């Protein structure tokens, strides 16, 4: 079960700190309304992801196992691409800019709408989290439940911590931003490589290559 918990925590961490619509909302909301009123928005992913999870699992349960493995392979490639992009941003020493302080959602429901319109949860649950959840559930329903709980516990905790930091230190400095970006890049790279190896093992490619090398 440890490997599933590691994937859940690692992916949740990267998803929570990567720039996106929800993160822009949090930044803008803290700037205008303060961190105390923004804090409930950290629970938005739990509310918004429920239909995404159900849709992803429904689709994954109605496709052949080889398709699931292919999606897992694509998820590994996606994570490596995102890791490369984050590493490039870290090398450029780019700091995130403040979000537009215009109209800001003021309720948890509206924050959930912001997140459900974000394509990242769909990609994450279709290519990475969904296949892993099915694999964990097939081994033991308890593993699957622990996977989901670990993912959202980490997501909410990191988002809540970000909100508090934004509110108490005003805004994270450039060095802190770069550290988070680098940590995100490393985490995604590790998860991406794991995802690739797992998908290749599932299709027998790695074992075939190992057997071929032994024959040589």
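Size of region 124-171 along its principal axes in angstrom, Cα-based, largest extent first?
Principal extents (Cα only, largest first): 45, 21, 6 Å.
Subtracting the Cα-Cα distance from 0.36 nm times the residue separation, let me have the gained length for residue 138 to residue 182 in nm, one decimal.
12.4 nm
Which order do the peptides 55-61, 159-165 take when ranked by the mean count of other beta-carbon atoms within 10 Å per residue, highest first?
My ranking of the peptides, most packed first, is 159-165, 55-61.
Read-outs throughout are calculated quantities, based only on the coordinates presented, and are distinct from any laboratory measurement. Everything quoted here is computed from the prediction, not taken from an experiment. Cβ sites come from the backbone with ideal geometry, for glycine too, and all protein chains shown count toward neighbours.
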